[in-house]
1. Where residues in the stretch 118-130 are open to solvent by 40 Å² or more (accessible area, probe 1.4 Å) and modelled with pLDDT of 95 or more, which of them is nearest to residue 60 (Cα to Cα)?
2. So, residue 131, is that one in contact with a strand residue (DSSP E or B) (Cβ under 7 Å, 6 or more places away or on another chain), aliphatic (A, V, I, L, M) and farther than 20 Å from residue 49 by Cα or not?
3. Condition check: under 19 Å from residue 57 (Cβ atoms) and open to solvent by 40 Å² or more (accessible area, probe 1.4 Å). Does residue 144 satisfy that?
4. Output the number of residues of the stretch 98-119 satisfying the condition of being touching a residue at least 40 places away in the same chain (Cβ under 8 Å) and not hydroxyl-bearing (Ser, Thr, Tyr).
Amino acid sequence: MNEDARFEDGVDKPLALMARDAEDLQVISALAQDAVFPASEMRWTPTDRRFAILLNRFRWEDAAKAHGRRDFERVQSVLLIEDVMGVRSQGVPKGDADTILSLLALEFRPGVDGTGEVVMTLAGDGVISCAVEALEIVLRDVTRPYIAPSRKVPRHPD
């Protein structure tokens, strides 16, 4: 990973992870859990065979440092899926770019000959599936962390 000028002071180094197998994808899925994004921030570029989403995610990796505080940070991150042969969705509102979607999980379903499907499960029973030639996914922070004005943090059953 190259150093980014926005993080020169050595504080809050940006997260940059790559998944090339299902186990790596589980780590990215856990860190991207509960990320929100407007539908307008999704892009599939068939000529580049790339699907990207600009996410507003909670910094779950810093939850241990929060010491019970309910205001740990958020950060904008890019989720980039490479070698995408096709994209389909179900239960995702079409035509409303302002619709806010919430990512619950990412999963890889292997296919034949090394191909497979990356499945993104969204809140409200939405699903986005990317048929991929090979699994290569990047999650990279692109802004400094910040505390959201609402200070809301997703709650999960213990």
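The values are calculated or read from the model by the stated rules, or taken from the named source; none is laboratory data. Everything quoted here is computed from the prediction, not taken from an experiment. Cβ sites come from the backbone with ideal geometry, for glycine too, and all protein chains shown count toward neighbours. Note: areas computed on protein heavy atoms with side chains; ligands, DNA, RNA excluded. Shrake-Rupley method; radii C 1.70, N 1.55, O 1.52, S 1.80 Å.
1. Residue satisfying both the conditions and the ranking: 121.
2. no
3. yes
4. Applying the first criterion (touching a residue at least 40 places away in the same chain (Cβ under 8 Å)) to the stretch 98-119 yields 98-108, 110, 118.
Checking the rest, the ones that are also not hydroxyl-bearing (Ser, Thr, Tyr) come to 98, 100-101, 103-108, 110, 118.
The number of residues fulfilling the criteria is 11.
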